[in-house]
1. For a quick check: with amide H placed at 1.01 Å from N, whose amide H comes under 5 Å from B:Ile107's, ignoring anything fewer than 5 positions away on the same chain?
2. Can you grab the distance from the C-alpha centre of the stretch A:21-35 to the C-alpha centre of the stretch B:1-55, Å, no decimals?
3. Rounded to whole Hz and in sequence order, give me ³J(HN,Hα) for the stretch A:13-20 from the Karplus expression 6.51 cos²θ - 1.76 cosθ + 1.60, θ = phi - 60°, writing x for Gly and Pro.
4. Sort all Cα-Cα distances of the stretch A:16-57 into consecutive 5 angstrom bins from zero, then give the percent of pairs in each bin up to the one containing the longest distance.
5. Kindly write out, for the stretch B:34-39 in residue order, the coupling ³J(HN,Hα) from the Karplus curve 6.51 cos²θ - 1.76 cosθ + 1.60 (θ = phi - 60°), rounded to whole Hz, with x marking Gly and Pro.
6. What percentage of all Cα-Cα pairs in the protein assembly as shown are separated by more than 22 Å?
7. How large are Rg and Dmax for chain A when calculated on the C-alpha trace, in angstrom?
8. Which number comes out as Rg/Rh for the stretch B:61-110 once both Rg and the Kirkwood Rh are worked out on C-alpha atoms?
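Please treat every number below as a calculation from the coordinates, not as lab data. Computed from a prediction, not measured in an experiment: that's the story for all the values here.
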Amino acid sequence: NAGVTQTPKFQVLKTGQSMTLQCAQDMNHNSMYWYRQDPGMGLRLIYYSASEGTTDKGEVPNGYNVSRLNKREFSLRLESAAPSQTSVYFCASSPGAQAIAKNIQYFGAGTRLSVL
Amino acid sequence: SQQGEEDPQALSIQEGENATMNCSYKTSINNLQWYRQNSGRGLVHLILIRSNEREKHSGRLRVTLDTSKKSSSLLITASRAADTASYFCATDEGSYIPTFGRGTSLIVHP
């Protein structure tokens, strides 16, 4: 059982380049999330998807777009990367609002992104 | 913005000692969670305590919750070198989406 899988693990971009971070979960969870983690800042929510077909902004959505492709997959796109987007990105999933353990999140291993 | 704030920011102890870290939050919550993050890895859920619970145990972990003081503590008993990690509290304010604090970095020296 793989849980939450993120690709790629590492990426270096030049300012202005675009890229998509991929995330897939195999736990049949309804909700999925994208976070960024910066030193001293903890985890900050970028976007989330409460259920298939819905997406909502989190705390720091500027410069990002997301797609909930199906129940398993939730991608994060940087259209024009900036040095301020250098960070570690985590995808997470949870059973969702209607589940008993709705609040518990399961995380991927992260994508380490550097924007030069 | 962070709801929970962990204290201390960093903790260094010897193997076998107990480690205690605290989390304070600002608004009423439905539940509080603790997560662990090993270096270079994703967060792993440790324990969830509901607002109507005062104490919860899981193996060497003991979590307390004081809603009157808006605070929680995580105690790791008989620490091991493998417990070296960052520990985060996460609170919810009515939605099912937790808000994470900045974390406590724990180093356990063998």
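1. Those qualifying (amide H under 5 Å, at least 5 residues apart or on another chain) are B:Leu11, B:Ser12, B:Ile13.
2. One Cα centre to the other: 23 Å.
3. 10, 9, 3, x, 6, 10, 6, 10
4. Spelled out per bin, shortest first, that is 6, 16, 22, 24, 19, 9, 3, 0.
5. With the stated coefficients, the stretch B:34-39 comes to 10, 10, 10, 10, 6, 3 Hz.
6. Of all Cα-Cα pairs in the protein assembly as shown, 51 percent lie more than 22 Å apart.
7. Radius of gyration, then largest Cα-Cα span, for chain A: 13.5, 43 Å.
8. Numbers: Rg = 13.1 Å, Rh = 12.6 Å.
That ratio is 1.04, to two decimals.
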